[in-house]
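Worksheet: the structure to be examined is printed underneath.
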Amino acid sequence: MWQALLDDLRGTPAEGRFTIVAVALDQAQAAAPWVEAGKPQYPCLIDADHHLADLYGFVNVPQAVWIDESGQIVRPPESAGASDAFRLMDREKFTLPQSALEARVQTRERYTAAVKDWALNGSASRFALTPEQVRARLRPADPREVLAHAHFTLGLHLTEVGDANQAASHFKQASDLHPDSWAIWRRGAPKDARGLAAGAAFWARVDALGDRPYYPPAGL
Amino acid sequence: MTTVIHEQHKTVLPDTCARNGQLWLDRSQILEATGWDWKPEGLCKDELCFPVPPARRGEWVQGDRLDLAAQWQHMGRPVVHDANDSAWVFGADAQSRAQTLSSLQAPEFELPDLQGQLHRLSDTRGQRTLLVTWSSW
């Protein structure tokens, strides 16, 4: 998806002025096949510790931040072209009704169009927010979130030294303290036959959202 | 042997005293593990300095060691440890995390790619950068 966007911008004034950095909140061995299959021409970094999630307040994937030429944030962490259309999935066949497929494509296209507009026009793009607008959309300081990340870090360390039981307890405490973070939950969550945290426990958690979105709309 | 983790920095300290949620470290161990310097005026980093509260000095300071867990929590930062006090995480301050973000200057980081080569956010300075998360699941 992101490589196609870069390809589209080749030969435009955005070439050389716009770049992508993808960060996998994942283990290197899990991320590797995807990176190798996609052959992206932008850096794909591995953040097994979720250090970036802690620093920037990312809670799910895909989420993105827009950073301008001077290193200033012009859009806060937000859903990057993903929509809640998947919630209409047939949970046995993993298929989506036509309307959901269309909604999914539409959300993705609207987001990539916004990224392209910014890549081409920089601060003149209507999608580049003012500092006040960005600040208003940031998550407020929450001591539970930093405590959650501390438990998460300890869970990773305990995994590394082979204490899976204690690790699980710290992953759980992390997720309980920061329930909005799907990235934290996924690390300690039960995995299905495909190795994904997309089984019954995932759907139960999605259903528990009720009217609240899994991917809050980016508000473009 | 005690493992202390702070930010992305993991330090193994051979000679510590850890028990019942207390972690007794000397000045050089604290500096090595956290980057904070225990001076006569308090625990300090850059322009920040948190005095050890005088009422607690008898409890939290013993000889050349400080109960870093107690002082860290007193500074409003989280501390978590495993069941046998052998691994410790000294967490960040929620306020300063939020303040850093609301400065809107994108926090610098350094992460490896699959080949192990390190990349920094500042490598892309001068370009508009879409910083995007993903995972394999």
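Every number in this text was worked out from the coordinates using simple rules, so none of it is lab data. As the structure is a computational prediction, the values presented were derived from the model and not from experiment. When we count neighbours, we look across all protein chains shown, and the Cβ atoms used for this are built from the backbone with ideal geometry, even at glycine.
Between the C-alpha center of the range A:109-179 and that of the range A:5-53 there is a gap of 17 Å. The mean number of partner chain beta-carbon atoms within 10 angstrom of a residue's beta-carbon across peptide A:136-143 is 4. Peptide A:159-168 is shielded by partner chain Cβ atoms: per residue, an average of 2 of them sit within 10 Å of its Cβ. Simple point charges give the picture: +1 on the Cβ of Lys and Arg, -1 on the Cβ of Asp and Glu, and for the protein assembly as shown a dipole about the Cα centre of about 740 debye.
Counting only alpha carbon atoms, the long axis of helix A:28-38 and the longest principal axis of chain A meet at about 30°. On full extension, the segment bounded by B:A83 and B:Q105 gains 4.1 nm, given 0.36 nm per residue less the C-alpha separation.
Taking Cα centre as origin and charging only the Cβ of basic (Lys, Arg, +1) and acidic (Asp, Glu, -1) residues, the dipole magnitude of the range A:2-137 rounds to 340 debye. The lysines whose alpha-carbon is closer than 29 Å to the alpha-carbon of B:K45, local same-chain residues fewer than 8 away aside, are B:K10. Fully extending the segment from A:S70 to A:D192, taken as 0.36 nm per residue of separation minus the present Cα-Cα distance, adds 39.6 nm. Highest average first, the peptides A:34-44, A:106-116, A:79-89 ordered by how many other beta carbon atoms sit within 10 Å of their residues are A:79-89, A:106-116, A:34-44.
The distance separating the Cα centre of the range B:95-126 from that of the range B:39-72 comes to 31 Å. Placing +1 on the Cβ of every Lys and Arg and -1 on the Cβ of every Asp and Glu, with no other charges, gives chain B a dipole of roughly 260 debye about its Cα centre. When shorter helices are ignored and each DSSP H run of at least 4 residues is given -39500 (n - 2.57), the per-residue value for chain A at 222 nm works out to -14000 deg cm²/dmol. With the charge dipole of the range A:2-137 set up from +1 on Lys and Arg Cβ and -1 on Asp and Glu Cβ about the Cα centre, the Cα lying farthest toward the positive end among the listed residues A:L9, A:P97, A:Q133 is that of A:P97. Rounded to the nearest 500, the 222 nm mean residue ellipticity of chain B from helices alone is -5000 deg cm²/dmol, with -39,500 (n - 2.57) taken per DSSP H run of at least 4 residues.
Along its principal axes, the range A:89-220 has C-alpha extents of 52, 40, 27 angstrom, given from the largest down. The lysines within cross-link reach of A:K93, meaning a Cα-to-Cα straight distance under 27 Å and a gap of 8 or more places when in the same chain, are A:K191.
Lacking any other cysteine beta-carbon closer than 4.7 Å, the following Cys residues of the protein assembly as shown have no compatible partner: A:C44, B:C17. Per-residue mean of foreign Cβ neighbours for A:20-30 is 6 (Cβ atoms of other chains, 10 Å radius).
Using only Cα coordinates, the Kirkwood hydrodynamic radius of the range A:2-137 works out to 16.6 Å.
Bridging of A:K39 to aspartates and glutamates at a Cα separation below 14 Å is possible for A:D7, B:D113, once same-chain residues fewer than 8 apart are set aside. Computed over Cα pairs, the Kirkwood radius of the protein assembly as shown leads via Stokes-Einstein (0.890 mPa s, 25 °C) to a diffusion coefficient of 112 µm² per second.
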